[in-house]
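The values are calculated or read from the model by the stated rules, or taken from the named source; none is laboratory data. Fair warning: this is a prediction, and the values are worked out from it, not measured in the lab. As a convention, Cβ positions derive from the backbone with ideal geometry for all residues, glycine included, and neighbour counts pool all protein chains shown. Protein only, heavy atoms only, side chains kept; ligands, DNA and RNA dropped before computing areas. Shrake-Rupley method; radii C 1.70, N 1.55, O 1.52, S 1.80 Å.
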Amino acid sequence: MNLNQVTVPSLDIEKSISFYEKLGLRLIVKALPHYARFECVEGDATFSIHLVETLSEGEGAYIYFETSKLDDEVKRLTQDGVVFDQLPKDQTWLWREARLKDPDGNQIILYFAGDNRKNPPWRIGN
């Protein structure tokens, strides 16, 4: 199996489209007012949003987007008015992460892990 896409709920598809395009995703389906789908600039993954009447309670989904240019991307986004909950920080699990929320409160983590993404020192079978 291969992961095709992740879909998150949204109360306002057009507002979410603007947010995810600002992050750098490429809009490939715009079926307003109910649905939008993006492709990642790198790799083969897609990401979509769908309209809901109410959001689930709690922290929402956690979505990770990897970029080798994490600090540059955070600087670009900050200059474009995007507010981060956490600026790039080296984590104990060997990833560098920045955190923010999308318009619907889903947790967005921009990160760089390199080889540690799939092959950390504690990987089973290493």
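For the set E21, E66, the ranking by accessible area, highest first and with no ligand, DNA or RNA atoms included, is E21, E66 under a 1.4 Å probe. The order of the peptides 116-125, 4-13 by mean Cβ neighbours within 10 Å, most packed first, is 4-13, 116-125.
Per residue, the accessible area of the chain comes to 64 Å² when a 1.4 Å probe rolls over the protein heavy atoms. Over every Cα atom in the chain, the radius of gyration and the widest Cα-Cα span, Dmax, amount to 15.2, 47 Å. Legend: residue pairs K15/K101; K15/K89; K69/K101; K75/K118; K89/K118; K30/K75, Cα-Cα distance threshold 22 Å; pairs beyond threshold, K15/K89; K75/K118; K30/K75. When DSSP beta bridges are restricted to pairs lying wholly in the chain, around 65% turn out antiparallel. So which residue, out of G24, G60, G81, gets the largest mean-square fluctuation from a GNM of the chain using Cα contacts under 10 Å as springs? Maximum among the listed residues: G81.
How far is the Cα center of segment 47-86 from the Cα center of segment 107-126, in Å? The distance from the Cα centre of segment 47-86 to that of segment 107-126 comes to 19 Å. Taking springs between alpha-carbon atoms closer than 10 angstrom, which of V83, V52, V41 fluctuates most in the Gaussian network model of the chain? Result: V41 has the largest fluctuation of those listed.
Of the heavy-atom accessible surface of the chain (probe 1.4 angstrom), what whole percent is carbon and sulfur?
Numbers: 4060 of 8100 Å².
Carbon and sulfur: 50 percent of the exposed surface of the chain.
Show that you can apply the helix-only estimate: for the chain, add -39,500 (n - 2.57) for every DSSP H stretch of four or more residues, divide by all residues, and state [θ] at 222 nm to the nearest 500. Mind showing how you got there, number by number?
Values: 2 runs with 21 residues, N = 126.
Calculated from helices alone, the mean residue ellipticity at 222 nm is -5000 deg cm²/dmol.
With 0.36 nm allotted per residue and the present C-alpha distance subtracted, the R96-D72 stretch has 7.4 nm of extension available.
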